[in-house]
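Student: Dropping a structure here in C-alpha cells format, bear with me for questions.
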Amino acid sequence: MMNSSSTNSFRPYNGNVEIPLQDLQNGANSNSNLNGAYMNSMDNDDDYEGGFVQKVQNFILRIRDDFIGNCRTIHINNHEYNLLYKYTNNYVKTSKYSLVTFVPLNLFEQFCRLANFYFLIVSCLQLIPGVSPTGRFTTLGPLCIVLTVTALKEAYEDYKRHKEDDRVNYSTTEVLRNSSFVHVLWKDIQVGDIIKVYDKQFMPADILLLSTSEPDSTCFVETANLDGETNLKMKQSLEETQFLADDLNQLSSFNGLIECEHPNKRLYSFSGSLLMEQKVLPISIKQVLLRGTMLRNTKWINGLVLYSGRDTKLMRNSNTTPLKRSQIEKSTNHYIIFIFFLQMLLCTACAIANGSWTASNRKAFYLSFTRSNAVEGGMSFLTFLILFNNVIPISLYVTMEIVKLIQAYLINNDAEMYHKETDTPALARTSNLNEELGQIEYLFTDKTGTLTQNKMIFKKCSIGGIVYGNETNNNRSSSNQSTPATPNVLNNLDDINNNNTNSSISSKLHKSNNSVNLQPVDFHDDKLLSDLNSKTDQSHNIQEFLNIMAVCHTVVPEQEDGKINYQASSPDENALVNAAKFFGFEFTHRNQKNVFLKLNGLEDIRFEVLQVLEFNSERKRMSVIVRSPNGKLLLYCKGADSVIFERLAPNQPYADVTINHLQDFASEGLRTLCIAYCELDQQVYQEWLKEYQIASTAIINREAEIDRVAEIIETNLFLLGATAIEDKLQKGVPEAINILREAGIKLWVLTGDKQETAINIGYSCQLLTPEMELVIINEQSKENTIVELNRRLNDLSTRSNSTENKEQMALIVDGNTLNHALEGHIKYSLLKLAKNCSAVVCCRVSPSQKAQLVRLVKDNLASVTLAVGDGANDVSMIQAAHVGIGISGEEGLQACRSSDYSIGQFRFLVRLLLVHGRYSYRRISKLVCYCFYKNIALYITQFWFTIFNGWSGQTLYERYTLTAYNVVWTFFPIIIMGIMEKDVSESILIEHPKLYQLGPKKILFSFPVFWGWVLNGIYHSFVFFAIPAAASYKSNAYSGGENSELFAFGLICFAAIIITVNLKLALEVRYWTWVNHLATWGSMVVFFCWILIYGRVNAKGIDSDLFDVIYRIGESAHFYFLLLLVPIIALWRDFGWKFVNRYYKPMPHHIAQELLKSNDSKYVSKRTFSSYAFDTQELGQSD
Amino acid sequence: MSNDKEPYSKKPANTAFKQQKLKAWEPILTPAPVIIAFIAIGVVFVIIGAFMISSTNKVIEHTIRYDDIPACRDNMGIDGKNKCDITINIPTPMKPPVYLYYRLDNFYQNHRRYVKSRNDDQLRGIVVTDFNKLKDCEPLITSDGENSSIDKILVPCGLIANSKFNDTFLMFTKNNTYINLRKKGIAWTSDVETKFKDYPANGTGIITFNKFSDEDFIVWMRTAALPDFKKLYRIYDGPEPLTDSVRVEITNYYPVQSFNGKKYVVLSTASWMGGKNPFLGYAYIIVGIICFVQGVVFLVKHYVSPRKMGDMKYLDWNANK
C-alpha cells in the first residue's frame, strides 16, 4: 500500500533515532555517534529554506501536538474511555489540497514566491484606470498562464496523492467489535482497538503485538516501506499476553492499561508499559509493529492499536526533504533583487523627468494638463513601474521549472546510468539541482557500499594468534573451489551454493537486494579444520571462535523448502554466519530464548540466549549472554578492535600477535572484527541482571541507560582472535575516480574503517597513487593536533616557495584527530591543509563528523559540494552537502530517500556529473541569462522611446502582441535549448574530463557574465529603437506618400526584436536538432502569421491599434530593409565577439568542438576511451 | 509490492530523445565561413546602401517653416487677417506625383495622455453613451468635465480629435494659377473604409464635427511616432511637373506658441524607398564597410598568425592566463 506513496512523501530517520542493526558493518570500526548526527539534522530542520507555507504547517502541527501529560494512556477494550483522550483517528492524509482549498492554498503558495508576488502587485496596479500604458492584462495574462501551468502540475501530483490516500483509508482490516472480528475500514480504526492482521498484509496502524499464530508468539515483518531494509525482522509479544492466542473470549475480556510515550518519529525505539493484573510489564519496540510494515511468514497476529493516523511513526517521518536551491538559482534571486532596484531607480528617474517635462510643457493646449506637475510625475511612477515591470522576466521560473523537469526526466531515462544487476535506473528526486551537478568542486564519498560493493566475503581469520586463510592457492574458478578437507565441509559448501542460488530466487521474490553473484565465503585454508579436529588448546579456541560467529548476531533464519535463508540486516553478519556454517557450525533456527546450531550437519546443539546487548555505532560492539550446551554462562562479544581491546582482561596471550594480524588484514583492505568472550559468574550475572532490567524498563533515556549497564558486564574479556572480511570495489570505481580527479573535482573519502584499510582501499581505487606523499595526521590531543597541523602548513608554504609540485599530496586524518581539528579555529587550519591536497581520506569518522566536514567546506569555501553515500550513516552528510547522492545499494534506501539524486553504482557519478551536470549547467546558465536578456532587450526600448514622448510612458507596442512575447513568441526555442543543447558530445566530455571545469570555474554564469548579457540586452534595445527611429525621422513617408505612424513604427521595432532575439538564441545553440529548427523558425513564422491575422481584425469594442498596419508597412521596402539591418547591427557584436573569443582566446570546449569537427568519426573510434569502456560495454552499445 | 514484474522492467527505453541522441547539425564558428560571411555582408550591404542613396538623392524635397513669418504668427488669424503666403522655389522640376505635407515640430502626438485619448467606436460612427467606454477620451469626454449627462458628451471626444490641425493650404503657380490638388487617398484606404465613419448628425452629444470619414481628420488621428512629424495634406497628380516656384496660400488657425512648436510646409516627391531620408542608405554603407573591413582583418590575421584548429594545448584552462 504505501510503496508508491512512500517513495515521494516519506523519509525516515529525520529525528533522534536509535541505531539500526544494519549499521554494524559501518559502525563496527567507527567512532560513530549517530544519535548526535540525527539530532543535528533534526535541529536543522527548521533552518532549511522550507518556504513560508511549510513553516506555517509545522507551526500548526506543533500546536496540535501539544500532548497532555507525560505519556499516552490507552485502556484496553474500553472504547468509551479511550474516546475521552480524543486520539486522532486512523485517517491518513498525504495530500495537500482538497477541492475547496486547492485554489486559495495553491495560489497562496505560489505567491510566496517573491517574483510571483511582485507580478501580482504589478497586475493590480495595471487595473487602476489610467495608470497602465499597456492595457490591463499585459502582466496578468502571462502571470495567469504561469500560475496555471504550475497549478496544473501541483494538481496532478496532488490527485495522485489523493488516490493513494483513498486506497489506503478505504482498505479494510479485521477489528474486534462486540466479541467478534469484523471488517472495518482503516480510517475507522481507533486507538485501543484489537485487530487481526494476516500474512502479507500491511499493518494499518502502530500496534502492540499481543499474540500470533506461531509458537512462542513470534512473528516476522518486512520493513521495506519504512526504512528500505528488505530482510525480515522478528517481533515477539510479551510472554504475559501470549495466552490470548486467538481466543475471542479472552480477547474481548482482556483488560489492562497501557502507558506509552507520545507519538514521535523514532523508528527504532519505543518505551511503554502494560499494566495488567497488577503487574507492570515493559514494552519495547520488539513488541510493536509499525504501520507500513508487512506481516511475513506468520499466519496471523492479534494486536492492539497504539498510535493511529498521523500519530503513527510512518506518518511522523513523512517529512519533505529539505529544500535545496542551486547556486545559479540563488544568484538569480539576488540578481532579480538587484535588477528590481535598478528598475525602481529607472522608474524614479523617469517619473522625475516626467514631472519636469510636464512643468515646461504645461501650456501645450493639446495635452490639457489638469493635475499638478507633481501629481503627474507621481502617477507616472506607477506607469513606468508597469511599463518596465517585465525587465524582471515573468516567464523565467516557469521556463526553468519546465526545463528542469525534463532534464530530470532525461536523467531518469539515461540507459547508461541504468544498473542491470539490480534493475535500478538513476533517479532524480529533485529537479532543482540539475545544474548544480555541473559545478561540483568537492566530492565527499562514503567508502563502504559506495566505492565498494558492500557484499561482504569472509576471507581470513586470526584465531589464537594463528592466521587462517592466508594460503596462496587462489583457484578462483568458481565451479571448482579448493578441495575441502572433510566431506562435511564439502557438503556445507554445497549448501552454501544452493543456499545462494536459492536465495537469489527468493531475493527476487522478496525484492531483496542481496547478493546474487557473490558467495559470502571465500576461504581457502584446510588448516583451520585440521586444527579444529586436533584436540589441542587451539582446537578449543577455534571452536569457541566459531560458536561466537554462529551465536552472537541478530540474523534471522528463514526456512524454505528445507533450506535456510539468512535474513541479515548487515552484510558483515551474513558473511560471519555463513562462514560459521562453512566450517560446520550451522545456525539453523532461533526462538526467543534459544539459538540452535547443527554441528557438521549432524548434531543439534542449543545455546540458551539470556540477553542480547545489541549493536549500535556508539558501542561498536555486540554481545550475547548465553548458557552453553554444557551449562556454562558465557558472554560472547564481537566488535571493533578499539572497543574490544579496552575491555580485555589483563595478560592476554594473543593480544599482541592479533594486533599485528589486524594491521596485516587492514593493509590488505579487509574489514576486521575482534572476537572475544568471557565466562560469567552466576552471582555477578544475577546482580547485573537486576540493574539491566531496571534500565530496560526506564521510560526516559532508556537507550542510554541500557548502554551504560551493558558496559558494566562487558569487561574482562578474553580475546580469541579476529575476522577479516573483504568488501570488493565496485566495478569501474578506479576509472571513475581517475576521471573525476581529472575533471578537477577534489575527492574526500570519509569512512568508518580503520586507517590502514582506508589507505589500502584508497590505493586500490586509485584515489591515492604511489607518487603521492601521504600526510598522515593522527593525534590524540587538541594541542598536538594544533601543533601538527601548523607544522604541516609550514611545510606546505616552504614547499610552495620552492615551487615543488604541491598537488601530489594526500591528507589522511582519523576520527580522533578530527574530534579536535573540527573545533573552533583549528578547523580553518585543517581546511587550508586539505585544500592543498589532491585527495583527502578521513578514517573512523562518525556520521556527524561526516556532516561537519561537509559543512566545513561548504561554509568556508565558495565551492559546491557533493556527498555520495549509501547508508543511514551518510544521511546527515547527504543532507548537509549542496547536492546529496544516494547509492541504492545493499543497505536499504535511507540514503536514497534523503538524497537529491540516486544512482545504482558509484561509476555512474561520472556520467551524472560530467554529462548531465555539465549539460544542465550550460543549459540553465544560458536559459537564465537569455530570459533576462530578451526582456531587457524588449523593455528598455520602451525607455529609449519614452525620452521622445515627453517622458509619458507611452508604449510602443500593441498590448496583445506584447502580452504574448514571453509566453509565445520567444517561449519555445529557449525551452528546447534548455532540453536539447549540447556543446560537445557525451563521449568527448568523458574523454576530456577537464571540460567539466566550465561549471566550477563559473564560466557561463557569474556576476560579470550576467551583467554582460544585461548590457548586451541594453545595446540591442538601443539598436531596436534607434535604427527604426532614425529611418523614420520626421515621419518619413512610404513610397505611396503616406506617413509612418506610432503603431507602425512600434510594429517594425517589435518585428525586428522578435527576429533578433530568436536569432540571438540561434547563435547560442550548438546542437541543432529538427526540434530546434521547428521552434526557432516556427516562432518567427507564428509571430508574422499573428500580425497578419490580427491586422485584419477591426471589431467593435476592440482597440484595433494594429489594424491593417502590417499591410501598410508591408508595402514599403523600408520595412524589409529595416528587418534586415537591425538584426545584423545588433548581432554583429555577438557574432564578432564570439568569433574573436573562440579564435584568439579559445576555451577548452571550443577546442573539443573543433577536434570533433576536424576529424569527426575517425577521432572517436581511434580512442574508445578506455576509461569509459565499462559503461558502453555494459549496455552492449557502442557510441 | 508487486513482485511479478519482468526482469529489467525499469530499464529506460532506448529512444533518440530519451538518450539525447537526436540527429543534429553542430555548426561551429570556424574562420573560413566567418570571414566569408563578413566580407559577403560587407559587399552586399555597400551595394544596397549605394543603391538606396542614389534613389533617395533623386527625391526632391522642399521644406519651408512658416510660423515664424510675421503674417503667419499665432493669433494673427482674427478678423480675416489669417491668411499668409509662402513661396517655394523649385530649381529642379518635380515630377508628379508630388506630395504636399505639413510638418509640426515639438508636438508630442506620441504622448501617452494624447495617444490613448480617443474612442474608436465613436470614430466608427457608433453612438457611445456609456461613460465607462468613453473613459479613454479623458480629459475631454464631456463639455463640462463632469460625466453626468450624456447630452454633454463631446463628439468627437478625446484630445487627438479635438486638437486637429486646421491650417489649410492652397497652391498656386508662379503665374497665380490655382494648382489642383487631390485630397482623396491621403489616408490609408483601410481607415477610410472601415475604421472611420461619419457620426450621425442627430446622434447624442455635443457634435462639434461629425465628418469622421474626412481624410484630413483620419490622417491626424493616426498619431505620429516622434515629436517632429509631417503629415500628408494633398497630392499633386500632374500631369505637368512642378517647376520654377509655387506659392502656397496658408489660412492660419493653428496655434503653436503654447508648446514652442514650429510649422512647416513640405513639398516632396517619393522614390521606391519613400521620402527623402538618406539614413537607411548610409547605415547600410557604414555597416557594410565595417563588416568588410572586419572580414579583411580576420582574413589577414588568419594568414599571418593562424591558430591551429583543435590545438590540444588550449584544452588546459590556464592556457590563456
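Student: Does A:Ser848 satisfy the criteria of being in a strand (DSSP E or B) and more than 15 Å from A:Gln439 (Cα to Cα)?
Tutor: In short, no.
Student: On to the next question. For the list (1) outside any loop (DSSP other than H, G, I, E, B); (2) more than 46 Å from the chain's Cα centre (by Cα); (3) not hydrophobic (A, V, I, L, M, F, W, C), I need the number of the one condition that A:Gly1041 fails.
Tutor: Answer for A:Gly1041: the failing condition is (1).
Student: Hey, another quick one. B:Thr189 fails exactly one of the following numbered conditions: (1) within 11 Å of chain A (Cβ to nearest Cβ); (2) touching a residue at least 24 places away in the same chain (Cβ under 8 Å). What is the number of that condition?
Tutor: It is condition (2) that B:Thr189 fails.
Student: What single numbered condition from (1) under 27 Å from the mean Cα position of the chain (by Cα); (2) crowded, with 22+ Cβ neighbours inside 10 Å fails to hold for B:Gly205?
Tutor: (1)
Student: How about the stretch A:999-1055: which of its residues are on the phi < 0 side of the Ramachandran plot and polar (S, T, N, Q)? Talk me through it step by step, then tell me what you get.
Tutor: So the first thing to find is which residues in the stretch A:999-1055 are on the phi < 0 side of the Ramachandran plot, and the list is A:999-1001, A:1003-1033, A:1036-1040, A:1042-1055.
Across the stretch A:999-1055, the qualifying residues are A:Ser1006, A:Asn1016, A:Ser1021, A:Ser1032, A:Asn1036, A:Ser1039, A:Asn1043, A:Ser1044.
Student: I'd like the full set of residues that are touching a Ser or Thr at 6+ places or on another chain (Cβ under 9 Å) and outside any loop (DSSP other than H, G, I, E, B), limited to the stretch B:92-116.
Tutor: B:Thr92, B:Pro93, B:Met94, B:Val98, B:Tyr99, B:Leu100, B:Tyr101, B:Arg103, B:Arg112, B:Arg113, B:Tyr114, B:Val115
Student: Now for a different question. Answer yes or no: is there a residue in the stretch A:1006-1015 that is within 9 Å of chain B (Cβ to nearest Cβ) and either farther than 30 Å from B:Lys230 by Cβ or of a type in the set (Val, Ile, Thr) (or both).
Tutor: no
Student: Also, I was wondering about something else. Sort out which residues of the stretch A:648-674 are β-branched (Val, Ile, Thr) and outside any helix (DSSP H, G or I), and write them in order of number.
Tutor: First, the residues of the stretch A:648-674 that are β-branched (Val, Ile, Thr): A:657-659, A:672.
Listed by number, the list holds a single entry, A:Thr672.
Student: Moving on to the next point. Scan the stretch A:420-448 and report the pairs whose first residue is under 19 Å from A:Ala834 (Cβ atoms) and whose second residue is buried (at least 24 other Cβ atoms within 10 Å of the Cβ) and of a type in the set (D, E, K, R), with Cβ atoms within less than 8 Å and a gap of 6+ or a chain change.
Tutor: Once the first residue is under 19 Å from A:Ala834 (Cβ atoms) and sits in the stretch A:420-448, its partners that are buried (at least 24 other Cβ atoms within 10 Å of the Cβ) and of a type in the set (D, E, K, R) give A:Phe444/A:Lys850; A:Asp446/A:Lys850; A:Asp446/A:Asp870; A:Asp446/A:Asp874; A:Lys447/A:Asp753.
Student: Considering only the stretch A:674-704, how many residues are over 44 Å from the mean Cα position of the chain (by Cα) and of a type in the set (D, E, K, R)?
Tutor: Total meeting the criteria: 4.
Student: Further, regarding this structure: For A:Lys265, are the conditions met, namely being surrounded by fewer than 17 Cβ atoms within 10 Å (Cβ to Cβ) and not β-branched (Val, Ile, Thr)?
Tutor: no
Student: Scan the stretch A:985-997 and give yes if some residue there is assigned by TED's automatic domain parsing to the domain that holds A:Met1084, more than 30 Å from A:Val131 (Cβ to Cβ) and in a loop (DSSP other than H, G, I, E, B), otherwise no.
Tutor: So far as the stretch A:985-997 goes, yes, one or more of its residues are assigned by TED's automatic domain parsing to the domain that holds A:Met1084, more than 30 Å from A:Val131 (Cβ to Cβ) and in a loop (DSSP other than H, G, I, E, B).
Residues are listed down the side, and each one gets a yes or a no for (1) modelled with pLDDT of 80 or more; (2) part of a loop (DSSP other than H, G, I, E, B):
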site	(1), (2)
A:Trp748	yes, no
A:Glu756	no, no
A:Tyr763	yes, no
A:Ile786	yes, no
A:Thr803	no, yes
A:Glu807	no, yes
A:Leu818	yes, no
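Each row is one residue, and each column tells you yes or no for (1) within 19 Å of the chain's Cα centre (by Cα); (2) among the aliphatic types (A, V, I, L, M); (3) at pLDDT below 95.
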| site | (1), (2), (3) |
| --- | --- |
| B:Cys157 | no, no, yes |
| B:Asn162 | no, no, yes |
| B:Phe165 | yes, no, yes |
| B:Ala187 | yes, yes, yes |
| B:Val192 | yes, yes, yes |
| B:Pro200 | no, no, yes |
| B:Lys211 | no, no, yes |
| B:Asp214 | no, no, yes |
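Student: Of the conditions (1) at pLDDT below 85; (2) out of contact with any Leu (no Cβ under 9 Å at 6 or more places or on another chain); (3) buried (at least 19 other Cβ atoms within 10 Å of the Cβ), A:Met294 clears all except one; give me its number.
Tutor: Every condition holds for A:Met294 apart from (1).
Student: To continue, here is another question. Filter the stretch A:542-587 down to residues that are assigned to a helix (DSSP H, G or I), within 15 Å of A:Pro629 (Cβ to Cβ) and hydrophobic (A, V, I, L, M, F, W, C), then give me how many there are.
Tutor: The total comes to 4.
Student: So, one more: For A:Ile739, indicate whether it is at pLDDT 90 or above, assigned to a helix (DSSP H, G or I) and not assigned by TED's automatic domain parsing to the domain that holds A:Ser667. Talk me through it step by step, then tell me what you get.
Tutor: Numbers: at pLDDT 90 or above: yes; assigned to a helix (DSSP H, G or I): yes; not assigned by TED's automatic domain parsing to the domain that holds A:Ser667: yes.
For A:Ile739, the condition - at pLDDT 90 or above, assigned to a helix (DSSP H, G or I) and not assigned by TED's automatic domain parsing to the domain that holds A:Ser667 - is met.
Student: Scan the stretch A:103-116 and give yes if some residue there is acidic (Asp, Glu), under 33 Å from the mean Cα position of the chain (by Cα) and either surrounded by fewer than 17 Cβ atoms within 10 Å (Cβ to Cβ) or within 14 Å of another protein chain (Cβ to nearest Cβ) (or both), otherwise no.
Tutor: No, there is no match, as no residue in the stretch A:103-116 is acidic (Asp, Glu), under 33 Å from the mean Cα position of the chain (by Cα) and either surrounded by fewer than 17 Cβ atoms within 10 Å (Cβ to Cβ) or within 14 Å of another protein chain (Cβ to nearest Cβ) (or both).
Student: Could I ask something else about it? Here are the criteria: (1) surrounded by fewer than 17 Cβ atoms within 10 Å (Cβ to Cβ); (2) in contact (Cβ under 8 Å) with a residue 24 or more places away in the chain; (3) away from chain A (no Cβ under 11 Å). Tell me which single one B:Arg182 does not satisfy.
Tutor: (3)
Student: Would you pick out the residues in the stretch A:755-778 that are in contact (Cβ under 8 Å) with a residue 40 or more places away in the chain and within 27 Å of the chain's Cα centre (by Cα)? If you could, list the steps in order and put the result at the bottom.
Tutor: Initially, the stretch A:755-778 is screened for residues in contact (Cβ under 8 Å) with a residue 40 or more places away in the chain, giving A:755-762, A:764-765, A:767-768, A:772, A:775, A:777.
Matches in the stretch A:755-778: A:Ala758, A:Ile761, A:Gly762, A:Cys765, A:Leu767.
Student: Shifting gears a bit: Sort out which residues of the stretch A:110-142 are in a helix (DSSP H, G or I), farther than 20 Å from A:Met344 by Cα and not hydrophobic (A, V, I, L, M, F, W, C), and write them in order of number.
Tutor: A:Gln110, A:Gly141, A:Pro142
Student: Has the stretch A:1086-1108 got any residue that is surrounded by 22 or more Cβ atoms within 10 Å (Cβ to Cβ), hydrophobic (A, V, I, L, M, F, W, C) and out of contact with any Ser or Thr (no Cβ under 9 Å at 6 or more places or on another chain)?
Tutor: No - not one qualifying residue is present in the stretch A:1086-1108.
Student: Can you confirm whether the stretch A:1064-1071 contains a residue that is buried (at least 19 other Cβ atoms within 10 Å of the Cβ), assigned to a helix (DSSP H, G or I) and facing chain B (nearest Cβ under 7 Å)?
Tutor: Checked against the condition, which is being buried (at least 19 other Cβ atoms within 10 Å of the Cβ), assigned to a helix (DSSP H, G or I) and facing chain B (nearest Cβ under 7 Å), the stretch A:1064-1071 yields no hits at all.
The values are calculated or read from the model by the stated rules, or taken from the named source; none is laboratory data. These numbers come from a predicted model, not from an experiment. Methodologically, a virtual Cβ is constructed for each residue, glycine included, from the backbone with ideal geometry; neighbour enumeration extends over all protein chains shown.
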